[in-house]
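Read-outs: derived from the displayed coordinates by stated rules, not from any lab. From a predicted model like this one, the values you see are computed outputs, not experimental measurements. Backbone-built Cβ (ideal geometry, glycine too); neighbour counts: all protein chains shown.
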Amino acid sequence: MAKIMVVDDAPADLQNLKNILTKGGHQVIEVTSGQDSIAKAKAEKPDAIVMDVVMPGINGFQATRQISKDPDTSAIPIIVVSAKNQETDRLWAMRQGAREYVVKPVKDADLLAKVKQVLGG
């Protein structure tokens, strides 16, 4: 069982991602903003982060960049989850430090496979 931090400002999406990961046997830490995700990543040291992109204030790309550039949190793999399905969005997420990219609506099997992949399983 891995400790996964889910970052999404939409309650329905947050609950959906939490349900998928919990059913997959993971412990979930819920965070509702990009700003909070940066501090929470340092404090909790999750095994992986599932990061939404469109959020008020610091968006998912900015939070991903800060977490992946910080020596304290740079080893934590980040999976960006977004409704944006353009190749440019995926490439931008990877340039910010994300390891994987999943398009909403999220399919259970896709998310669990990406989590397993970034955790080295």
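A compact table of results
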{"item": "DSSP H segments from the chain that extend 20 Å or more along their own axis, Cα-based, with Kyte-Doolittle mean of 0.0 or above", "result": "none"}
{"item": "Of all DSSP beta bridges in the chain, antiparallel share, percent nearest 5", "result": "0"}
{"item": "Label-point separation in nm, Ala83 to Gln15, each point 7 Å along Cα→Cβ", "result": "1.8"}
{"item": "Gain on full stretching of the segment that runs from Leu91 to Gln35 - 0.36 nm per residue minus C-alpha separation", "result": "17.9 nm"}
{"item": "The chain - Kirkwood radius from inverse mean 1/r over Cα pairs (Å)", "result": "13.7"}
{"item": "Residues Thr22, Thr73, Thr64, Thr32, sorted so that the one with the fewest Cβ neighbours within 10 Å comes first", "result": "Thr22, Thr32, Thr73, Thr64"}
{"item": "The range 79-121, dipole about Cα centre (Lys/Arg Cβ +1, Asp/Glu Cβ -1), debye to the nearest 20", "result": "60"}
{"item": "Listed residues Gly57, Gly97, Gly34, most fluctuating in the chain (Gaussian network, C-alpha, under 10 Å)", "result": "Gly57"}
{"item": "Residue among Leu21, Leu111, Leu91 with the largest mean-square fluctuation in a Gaussian network model of the chain, springs linking Cα atoms under 10 Å", "result": "Leu91"}
{"item": "The chain: most fluctuating residue of Ala41, Ala12, Ala83 per GNM, C-alpha cutoff 10 Å", "result": "Ala12"}
{"item": "Overall form of the range 1-65 per C-alpha gyration tensor (a/c, 1.5; a/b vs b/c)", "result": "oblate"}
